[in-house]
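Input: a single structure, listed below in structure tokens.
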Amino acid sequence: MKVAVVTAYYRESREDLQRCLDSVAAQTHPCTHFLVSDGHPQDYLDDLPLRHVKLGAAHADFGDTPRAVGSLLAVREDFDAIAYLDADNFYLPDHVQGMLAAAAAHEDAVDVITARRFS
């Protein structure tokens, strides 16, 4: 299953962003990380193995616009699932795998699976 993780970021610290990035990279199920800036792109992210999308302006909507942009890219690129992770949070290594297992256990009964995350 092809999984996208969408993270909107604004002015989070490099330390917070790195913790977020590391947690997605460490997933037991492979993911493509879409990191979308909300008007304050960090150029050092361009050289990392992720999809870095730079929006030229901040939208003052708590990250909704960058999340929407990342989501549209994932849908257009035929990802099977989209997960969301705030830039100042992180996943445990089996988070995505657990979400996929929960979805498989309920097959056609649900369209959305939610879970806790860590901050």
Item to complete: Mind checking which strands (runs of 3 or more DSSP E) fall wholly inside the range 24-119 and carry at least 3 residues that are closer than 11 Å to residue 5 by Cβ and of a type in the set (Asp, Glu)?
Response: none
Discussion item. Which numbered condition in (1) closer than 17 Å to residue 96 by Cα; (2) over 12 Å from the mean Cα position of the chain (by Cα); (3) assigned to a helix (DSSP H, G or I) is the only one that residue 1 fails?
Written reply: (3)
Worksheet entry | Verdict on residue 27 being open to solvent by 50 Å² or more (accessible area, probe 1.4 Å), more than 15 Å from residue 70 (Cα to Cα) and polar (S, T, N, Q) | no
Fill in: Answer from 85, 50, 55 - the residue that is crowded, with 19+ Cβ neighbours inside 10 Å and not β-branched (Val, Ile, Thr)
85
Worksheet item: How many residues are modelled with pLDDT of 95 or more and open to solvent by 10 Å² or more (accessible area, probe 1.4 Å) if we restrict to the range 1-10?
Response: 3
Worksheet item: So which residues in the range 88-100 are more than 21 Å from residue 8 (Cα to Cα) and open to solvent by 60 Å² or more (accessible area, probe 1.4 Å), if there are any at all?
Response: 94, 97
Practice prompt. Take residue 60 and decide whether it is open to solvent by 40 Å² or more (accessible area, probe 1.4 Å), modelled with pLDDT of 95 or more and more than 20 Å from residue 18 (Cβ to Cβ).
Written response: yes
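The values are calculated or read from the model by the stated rules, or taken from the named source; none is laboratory data. Because the structure is a prediction, the values reported are computed rather than measured. Please note: Cβ atoms are built from the backbone with ideal geometry, for glycine as well, and neighbour counts cover all protein chains shown. To get the accessible areas, we keep the full protein, side chains included, count just its heavy atoms, and leave off ligands, DNA and RNA. Shrake-Rupley method; radii C 1.70, N 1.55, O 1.52, S 1.80 Å.
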